[in-house]
């Protein structure tokens with residue numbers, strides 16, 4: 001038990017020092033400034049080449065979504081996630097130790113070329129996320145948390161990161177075991193995560209792009225807008241679940257682009273009663 005307390009203490013001090021270092025030092029692998037740079041780039045494109053020309057530059061909930069962006073990627077880790085995840089990993093490894101398992105990795109891929117390692121990580125992680133996303137729509141208690149993301153009424157880049165912090169716990173918990181079994185290290189996630197963040201920003205942006213023939217591989221605004229449609233096909237829990245890759249939706253027949261979705265109503269059924277303030281949105285799922 002003392003070991004877990006030390007892990008918690010080290011997690012808080014370690015992440016605080018990491019975040020402070022991110023803010024104070026500009027480096028190529030500094031995710032804090034990559035996020036700011038990507039956000040400013042996509043926002044500038046939205047201003048210059050808007051798909052919905054009547055949508056304000058500072059769209060509905062623009063500032064709240066901006067707060068969600070930094071809260072989910074940085075502040076939540078500082079407040080709780082980093083300590084919780086480190087303790088959970090230590091506890092899981094201790095549990096495996098009861099059965100004499102000291103290393104979860106079933107096979108190592110360090111002998112692969114770096115591009116091969118990153119490609120496998122990217123595809124595997126995205127497929128896991130696609131399945132988790134689909135589950136968030138189908139399991140009632142998970143959907144209550146996912147409603148936060150679907151409460152967006154006007155799409156823009158920052159809507160990408162409007163989601164309840166519980167989603168981070170669900171996604172990372174499901175991802176941990178399969179990725180750990182392949183022997184991936186945390187340093188491998190940076191390039192993949194930056195790319196996924198960029199595509200996610202574009203998916204939610206007010207931009208008229210679909211990547212031409214690559215639309216069958218990469219998710220895009222003209223496809224993802226239908227995922228946020230207030231009215232879904234009869235009998236459907238959701239459509240277009242892809243986060244970065246659209247190929248999973250085409251393979252598993254969950255793709256749906258019936259028309260140009262530029263001006264469709266966004267949200268979900270009975271969302272009129274959904275909380276509008278940040279604090280209320282964060283506690284809403286627990287009351288439900």
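Read the figures in this text as sums done on the coordinates, not as results from a lab. The shown structure was predicted, so the numbers you read here are calculated from the model rather than taken from an experiment. Cβ atoms come from the backbone with ideal geometry, glycine included; neighbour counts cover every protein chain shown.
Compared with the alpha-carbon gap, the fully stretched path from residue 181 to residue 252 is longer by 23.0 nm at 0.36 nm per residue. So how tilted is helix 82-97 from the main axis of the chain? Cα-based, degrees 0 to 90, rounded to 10. Taking the Cα atoms of the chain, the angle to 82-97 is about 50 degrees.
What is the angle, in °, between the Cα long axis of helix 31-48 and the longest principal axis of the Cα atoms in the chain? Nearest 10 is fine, range 0 to 90. Tilt relative to the chain: about 10 degrees. Every helix of 4 or more DSSP H residues in the chain counts as -39500 (n - 2.57), and over all residues that averages to -17500 deg cm²/dmol at 222 nm. Assuming R0 = 45 Å, what is the FRET efficiency of residue 278 and residue 4, from their Cβ-Cβ distance, to the nearest 0.05? According to the calculation, E is roughly 0.90.
Take every Cα pair under 8 Å whose residues are at least 6 apart in sequence, average their separation, divide by the length of the range 2-287, and the relative contact order is 22 percent.
Taking square-rooted eigenvalues a ≥ b ≥ c of the alpha carbon gyration tensor, is the range 126-239 rounded, prolate or oblate, where a/c under 1.5 means rounded and, failing that, a/b exceeding b/c means prolate? Taking the square roots of the gyration eigenvalues as a ≥ b ≥ c, the range 126-239 is oblate. Set the Förster distance to 35 Å, then compute FRET efficiency between residue 88 and residue 139 from the Cβ-Cβ distance, nearest 0.05. So the FRET efficiency works out to roughly 0.95.
The simple spin-label model puts a point 7 Å past each Cα toward its Cβ; for residue 190 and residue 47 those points are separated by 3.0 nm. Protection proxy ranking for 122-128, 173-179, 209-215, 219-225, using the average of other Cβ atoms within 10 Å per residue and placing the highest first: 219-225, 122-128, 173-179, 209-215.
Here each label is just a point 7 Å from Cα along the line to Cβ, and for residue 12 and residue 232 those points are 4.0 nm apart.
Peptides 24-34, 56-66, ordered by how many other C-beta atoms sit within 10 Å of their residues on average, highest first, read 56-66, 24-34.
Please report the spacing between the Cα centers of the range 1-76 and the range 131-200 in Å, no decimals. Answer, in whole Å: 15.
Computed from Cα atoms, the angle from the helix 189-203 axis to the main principal axis of the chain rounds to 10 degrees.
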